[in-house]
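Since the structure comes first, as structure tokens, the remarks are kept for the end.
The values are calculated or read from the model by the stated rules, or taken from the named source; none is laboratory data. Remember, it's a predicted structure, so these values are computed and weren't measured experimentally. In this analysis, Cβ positions are derived from the backbone assuming ideal geometry, glycine residues included, and neighbour counts consider all displayed protein chains. Note: accessible area is taken over every heavy atom of the protein model, side chains too, but ligands, DNA and RNA are not part of it. Shrake-Rupley method; radii C 1.70, N 1.55, O 1.52, S 1.80 Å.
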Amino acid sequence: MFVFDANTVLAFIRHADQATRLDDAHFRLLRETRRRVHLQWTQRSRRLPIEPVLALMELTRQDCEADFGAYLAKFEYFFRSVYGVENLDPTWIRLTYEPVSRLLSSVHHSLLLTLQQIHVTTPGSGSLQHNVMLERIDDFLDWIISERQNLAVIGGPLLYLAVYAIAGSPEAHRFLKLSRVIKEGSDAIARNVAWDMMHWVNLDFHYHYAKYPSTVVCTSDQALADFLLIRKNLGPRVGREGMLNARVVRSYGELNLPKLSRLDDTALSDKITQRLLTFWQRLREDPNTEILFSPFET
């Protein structure tokens, strides 16, 4: 299954009639996915090996206001203009829309709030004195505690990237696109990065539901590509039935966060680690906190 981000969808739509004007990587991707659509959908009437759902949700601004009509029109136009597919059932298209729409109202909104707070606590450039850095980290963690009832997702890579960004990690700044905040505004960048993180969430669903033998995320955004590559899933692929029936699904793997030499093996690193452990302990003591990405059993 090829999962397209918004930039890929836009590139294909813009050059649907003149594919040779695409750069080489996009042209080869378009040629290969057209071949697969012809084989899987046209000849076998089986399935579309392309998933542009998140991209089309972003391009029709479904995070701002739910509008199935706009999504349906964009969905049909994309497949008609790029792949020549016109026999799509609107009822099936709605089935692709509704679960993601529900995720937007919870997960995407949670990510957006957290990213906006990161912009408040993280310096746009340069590094902070150690005492100021620790104060900013405390402020950010205290904010999560105070907002935990409004956040569907707490922890995971976003928490650690936030701490690394406050500590001055260039890679964390790049992942979070912080250099663009002054020019494009906090809201626009927070929304953009929240959509990037939705691809992380989507990959988790693909993985644990064992939807496909393999999933390929297609993007020309190097920061998004690198972000998705920092994690390797090693947990069970339980399948759809297992996911629907399980109360808890264990998710774990390898997380290769960016290095920061000024923190590694230092007293400052120990102080930050202690703050994070205290933060998780405070959340564990709250019986109303339901969704965590935590280093503890929860």
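List the residues, sorted by chain then number, that are 5 or more residues from Cys218 or on another chain and whose placed amide H is less than 5 Å from its amide H.
Val3, Phe4, Asp5
Over the chain, with every protein chain in place, what whole percent of the accessible area is carbon and sulfur at 1.4 Å, could you tell me?
On the chain, the fraction of accessible area on carbon and sulfur atoms equals 48 percent.
Go ahead and run the numbers for FRET between Arg36 and Ala152, Cβ-Cβ distance against an R0 of 22 Å, rounding to 0.05.
0.05
For segment 1-45, what is the accessible area per residue in Å², given a 1.4 Å probe and the full set of protein chains?
Accessible surface, normalised per residue, equals 59 Å².
As a test question: what accessible area, to the nearest 10 Å², does Phe205 have when a 1.4 Å probe is rolled over all protein chains in place?
Result for Phe205: roughly 80 Å² accessible.
Hydropathy first: keep DSSP H helices in the chain averaging at least -0.5 on Kyte-Doolittle, then drop any whose Cα extent along the axis falls short of 18 Å, and list what survives.
Length and hydropathy pass: 68-83, 90-103, 109-121, 130-147, 186-209, 267-284.
On the full set of protein chains, 1.4 Å probe, figure out the accessible area of Leu95 and give it in Å² to the nearest 10.
Rounded to the nearest 10, the figure is 110 Å².
If Phe2, Phe27, Phe75 are ordered by their accessible area, calculated over protein heavy atoms with a 1.4 Å probe, which sequence runs from highest to lowest?
Final ranking, largest accessible area leading: Phe27, Phe2, Phe75.
Report the GluC sites (Glu not before Pro) located in segment 1-69 that are in a DSSP loop and have at most 13 other Cβ atoms inside 10 Å of their Cβ, or state none.
Glu65
Can you list the HN-Hα couplings for segment 41-57, worked out from phi with the Karplus curve (6.51, -1.76, 1.60; θ = phi - 60°), rounded to whole Hz and with x for Gly and Pro?
Couplings: 9, 6, 7, 9, 6, 10, 7, 9, x, 10, 10, x, 4, 4, 4, 5, 5 Hz.
Pop out the ³J(HN,Hα) list for segment 227-238 in order, Karplus 6.51 cos²θ - 1.76 cosθ + 1.60 with θ = phi - 60°, rounded to Hz; leave Gly and Pro as x.
With the stated coefficients, segment 227-238 comes to 4, 5, 7, 6, 10, 10, 6, 10, x, x, 9, 7 Hz.
Considering only protein heavy atoms, what is the solvent-accessible area of Asp67 at a probe of 1.4 Å, reported in Å² to the nearest 10?
70
With semi-axes √(5λ) of the Cα gyration tensor in Å in mind, check (1) 27, 24, 19; (2) 36, 22, 18; (3) 35, 26, 19 and report the label derived from this structure.
Given (1) 27, 24, 19; (2) 36, 22, 18; (3) 35, 26, 19, the structure-derived one carries the label (2).
For Arg231, enumerate residues with amide H under 5 Å from its amide H, sequence gap 5+ or separate chain, H modeled in the peptide plane.
Residues meeting the criterion, in which the H sits 1.01 Å from N, are Asn256.
Tally the DSSP beta bridges in the chain and give the antiparallel ones as a percent, rounded to 5.
Bridges in the chain are about 35 percent antiparallel.
Rounded to the nearest 500 deg cm²/dmol, what is the calculated helix-only ellipticity per residue at 222 nm for the chain, with -39500 (n - 2.57) per DSSP H run of length n ≥ 4?
Dividing the helical sum by the residues of the chain leaves -17500 deg cm²/dmol.
Could you put Val53, Val249 in order of accessible surface area, largest first, with the 1.4 Å probe and the full protein assembly present?
Listed by decreasing accessible area, they come as Val249, Val53.
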